[in-house]
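S.K.: So that we are looking at the same thing, I have put the structure below in structure tokens.
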Amino acid sequence: MTKKGRRVGILTGGGDCPGLNPAIRGAVIQAAALGYECLGLQEGWKGMLTGEHQVLAPADVAEIVGKGGTILGTSRTNPYKKENGVPAVLETFKRLGLDALIAMGGEDTLGVASKLHKEHKCAVVGVPKTMDNDLSATDFTFGFDTAATLAMEAAERLVDTGRSHRRIMVLEVMGRHAGWVALYTAMGAGADYVCLPERRVDVEDMARRLKEAHARKKVALVVASEALEMGETGMEEVDEFGHMILKKRGVAEKLAEIIEKKTGVETRSAVIGHMQRGGPPTMFDRILGTRVGVKAAQLAAEGKFGQMVALRGNEVVGVPLDKATGTLKTVTPEWLALADLVCTGCAAKAKALAPR
Ligand code: F6P
């Protein structure tokens, strides 16, 4: 049964990632097929504060499946941190005549959606997105595959130039406090050492293994997560609350300096940074984005509010939103063991340096 005259809003919040446009497209096409008009709110929750929006018909999204970024724009606006923010969101809901709102985002965006549903019975449905792949309620988030694939390709390029110059190369990747991007990049590019936030780096062990790899191949590659802790190097940088400062000085630069000193091999570093988040989504992210977008529109039409779409195995299902924002999904011991097996450098100290 169609629901003519009904409206569903869509917003994208937090850091962008490839796959958002396919998700918007999937949601719009499915919602239209169910008789809903779609309104795209501008720049995340900010759009629900100001009401700024655009009407999205299937024709408007027909050609965005292969486009990076988000056509709606994004921001890290939190209505709970703005004066009268929550009443403004509720007012926009009414004024725009929304029957449902699909919020696409990570922990923070979905956290707001969850709270609005719990406290105000807001008719929201969540779609998880993050290149960090750190949301525990879903097996994969779109954005991750593209970001890790781009980093893997960058790593291979570093190896080419590194081999010519007989250097050790260090690539720093994003991923925040979960090491998934670094882990997949390292495994995919056949790195010689991987440094993850889930365990301390043993500098002596790393230097020894890199020296061995370099002697064998005339090049060695290290992939490091941006949120790395440097263990007993005495080079940690923390803020006044004891939290690591991510960007005070780049992890790659710092690591390269240490490696060069310890190995005596000329070492260079590179940071892929936001290039990882741009460009066309991979096939995997296009399909996953499309599937979760379509499912979100179905959940909205069925009145299944307070739910988030999740990938479980190969099924796209609805799960409670509050579960989605509970715990951070970090690299497991099983994955560490696999990386230890295939990346020649990182094996020996895995147990001794287990997460604290
Ligand atoms: O959470 C996604 C992410 O790309 C992280 O990997 C990274 O640390 C962060 O966002 C960067 O945020 P911004 O785009 O605000 O600099």
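S.K.: Being out of contact with any Leu (no Cβ under 7 Å at 6 or more places or on another chain) and under 12 Å from residue 227 (Cα atoms) is the filter here, so list the residues in the stretch 162-190 that pass it.
M.R.: 172, 173, 174, 175, 176, 180, 181
S.K.: If you check 204, 198, which single one turns out to be over 30 Å from residue 90 (Cβ atoms), within 16 Å of the ligand (Cβ to nearest atom) and of a type in the set (Asp, Glu)?
M.R.: 198
S.K.: Write out, first by first residue and then by second, each pair whose Cβ atoms fall under 9 Å of each other, whose residues are 6+ apart or on separate chains, and whose first residue, in the stretch 57-84, is under 20 Å from residue 9 (Cβ atoms) while the second is assigned to a loop (DSSP other than H, G, I, E, B) and modelled with pLDDT under 95.
M.R.: Correct list of pairs: 74/14; 74/15; 75/14; 76/14; 76/15.
S.K.: Still on this structure, please answer the following. I'd like the full set of residues that are within 16 Å of the ligand (Cβ to nearest atom) and among the aromatic types (Phe, Trp, Tyr), limited to the stretch 1-50.
M.R.: Once the filter is applied, which keeps residues that are within 16 Å of the ligand (Cβ to nearest atom) and among the aromatic types (Phe, Trp, Tyr), the stretch 1-50 yields only 45.
S.K.: Within the stretch 129-145, can you find the residues that are within 12 Å of the ligand (Cβ to nearest atom) and either free of Cβ contacts under 8 Å to residues at least 40 places away in the same chain or not charged (D, E, K, R) (or both)?
M.R.: 130, 131, 133, 135, 141, 143, 144
S.K.: Mind checking whether some residue in the stretch 19-27 is surrounded by fewer than 23 Cβ atoms within 10 Å (Cβ to Cβ) and modelled with pLDDT of 95 or more?
M.R.: Checked against the condition, which is being surrounded by fewer than 23 Cβ atoms within 10 Å (Cβ to Cβ) and modelled with pLDDT of 95 or more, the stretch 19-27 yields no hits at all.
S.K.: Would you mind finding the one in 178, 191 that is under 17 Å from the mean Cα position of the chain (by Cα) and either outside the structural domain of residue 260 (by TED's automatic domain parsing) or assigned to a loop (DSSP other than H, G, I, E, B) (or both)?
M.R.: 178 is the lone residue from the list that is under 17 Å from the mean Cα position of the chain (by Cα) and either outside the structural domain of residue 260 (by TED's automatic domain parsing) or assigned to a loop (DSSP other than H, G, I, E, B) (or both).
S.K.: A further question follows. Which of the numbered conditions does residue 14 fail, given that it passes all the others? Conditions: (1) of a type outside the set (D, E, K, R); (2) under 17 Å from residue 100 (Cα atoms); (3) under 16 Å from the mean Cα position of the chain (by Cα).
M.R.: (2)
Listed here are the residues, each with its yes/no results for (1) crowded, with 24+ Cβ neighbours inside 10 Å; (2) more than 16 Å from the ligand (Cβ to nearest atom).
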position: 110; (1), (2): yes, no
position: 121; (1), (2): no, yes
position: 172; (1), (2): yes, no
position: 192; (1), (2): yes, yes
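S.K.: Mind listing whichever residues of the stretch 5-59 are out of contact with any helix residue (DSSP H, G or I) (no Cβ under 7 Å at 6 or more places or on another chain) and among the acidic types (Asp, Glu)?
M.R.: If the condition is that a residue be out of contact with any helix residue (DSSP H, G or I) (no Cβ under 7 Å at 6 or more places or on another chain) and among the acidic types (Asp, Glu), then 37, 43, 52 are the ones that fit.
S.K.: Moving on to the next point. Please count how many residues of the stretch 115-135 are assigned to a loop (DSSP other than H, G, I, E, B) and out of contact with any His (no Cβ under 9 Å at 6 or more places or on another chain).
M.R.: Of the residues in that region, 5 qualify.
S.K.: Inside the stretch 80-114, can you point out the residues that are within 25 Å of residue 19 (Cα to Cα), outside any loop (DSSP other than H, G, I, E, B) and not β-branched (Val, Ile, Thr)?
M.R.: 100, 101, 103, 104, 105, 107, 108, 110, 111, 113, 114
The values are calculated or read from the model by the stated rules, or taken from the named source; none is laboratory data. Quick caveat: nothing in here was measured; it's all calculated off a predicted structure. Using ideal geometry, Cβ is built from the backbone for each residue, glycine included, and neighbour counts are taken over all protein chains shown.
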